[in-house]
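What follows is a set of notes on a single structure, which appears directly below.
Just so it is clear, none of the values below were taken in a lab; they were calculated from the coordinates. Please read these numbers as outputs of a predicted model, since none were measured by experiment. Here Cβ is always computed from backbone atoms with ideal geometry, including for glycine, and neighbour counts include all displayed protein chains.
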Amino acid sequence: MNITKQRLHNMQYFSFFGVLIGSFLFCAFPPHIFAGLILNADLRIAYEDNIVGLLSDQRVQTGGGGGGYSSRGMVRSGSMQAGGMGGQGSGKDRYIGSSSGSSQSPGDFSTTVSAQAGGYGEVGRNWSIFAKGFAEHTSYNTYTDLDATIGGITIGMITRFTNSLSAGASVFSKVKHFGDSERDADAFGGALSLKKKLSPSLWLRGFGEYEKNVADSVYFSYIGTRIGAGVGYSLAVNTLITPGYSYLVQKYDEPLGAEMKTHTAFLSAEWSLTKNWAVGGEYDFQLSEENVTGTNTTNNIFSLALRYSY
């Protein structure tokens with residue numbers, strides 16, 4: 001009951017905050033300011049050789065818009081996954097995870113479909129704002145209690161200090177539904193980013209992100225903070241290579257005070273097929289450290305994606 005009240009209070013507060021920001025943007029600036037259209041879609045197939053279940057709600061960031069960064073012209077923040085605690089879901093096989101100090105978990109394939117739609121526009125010489133809705137669904141081949149449907153909204157702005165230096169800020173709200181109902185949650189947070197263009201074909205980006213996740217069970221409720229950086233290099237007009245790193249800390253509300261720290265190194269490559277279509281591949285290496293059982297878990301993630309961008 002207390003968890004339900006807390007979730008309701010948090011979502012009421014953030015809903016008011018989001019409506020307030022949205023009302024300000026749409027009242028302060030004329031409607032035609034949102035002249036640009038945001039319309040993206042992504043189909044991703046991935047294999048993980050050592051699943052870490054507590055990170056399943058952060059498996060893909062490209063469609064979420066909640067502070068994650070796609071590899072298409074940005075830094076992808078990597079996958080957040082934390083292990084050690086199994087769910088009570090009703091999938092074909094429940095994910096039990098790396099309990100009792102074991103670092104070996106099952107591997108599995110997953111498919112994710114995501115999309116986002118919204119608008120953006122200039123509000124000054126060096127400022128632009130955007131608002132978008134996003135949705136994604138992930139299905140695992142075997143461990144269906146990790147299946148996730150996530151949707152929400154993001155509002156943000158971007159400013160250009162110079163022709164080569166820019167920064168962005170955004171706030172977001174999400175609703176999450178899983179095969180394991182104890183993982184169901186409401187979440188909100190924000191993100192900051194800074195991008196430096198070194199040459200027409202080379203840029204650097206750093207970012208920070210905060211998320212408050214309020215789940216039906218305290219074992220899946222957490223505060224997550226993440227920082228990271230990456231490099232984008234265009235080998236040719238239609239080819240982008242993006243290596244990077246992120247560091248995530250998740251502090252859980254459960255009685256033992258579990259904390260998960262996850263290091264992620266990633267390398268992605270993307271090829272533009274046409275003006276709107278692209279294909280990409282990515283490799284992520286994760287090292288997760290959990291303080292209660294003292295478990296260190298490594299996970300190798302291989303993924304292929306087909307993307308559409310309007």
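Structure above, values below:
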| item | result |
| --- | --- |
| Mean projected area (nm²) of the alpha-carbon convex hull when region 174-310 is viewed from all directions | 9.7 |
| Förster radius 35 Å - calculated FRET efficiency between residue 267 and residue 35, Cβ distance, rounded to 0.05 | 0.45 |
| Cross-link table 132/275; 196/275; 174/251; 212/275, entries beyond 27 Å C-alpha to C-alpha | 212/275 |
| Taking all pairs of distinct alpha-carbon atoms in region 255-303, Kirkwood radius in angstrom | 13.1 |
| Cα→Cβ-extended label distance, 7 Å offset, between residue 254 and residue 285, nm | 2.9 |
| Qualifying chymotrypsin sites (Phe, Trp or Tyr not before Pro) in region 100-181, DSSP loop, other Cβ atoms within 10 Å at most 12 | 161 |
| Virtual spin-label span in nm between residue 163 and residue 306, 7 Å along Cα→Cβ | 3.9 |
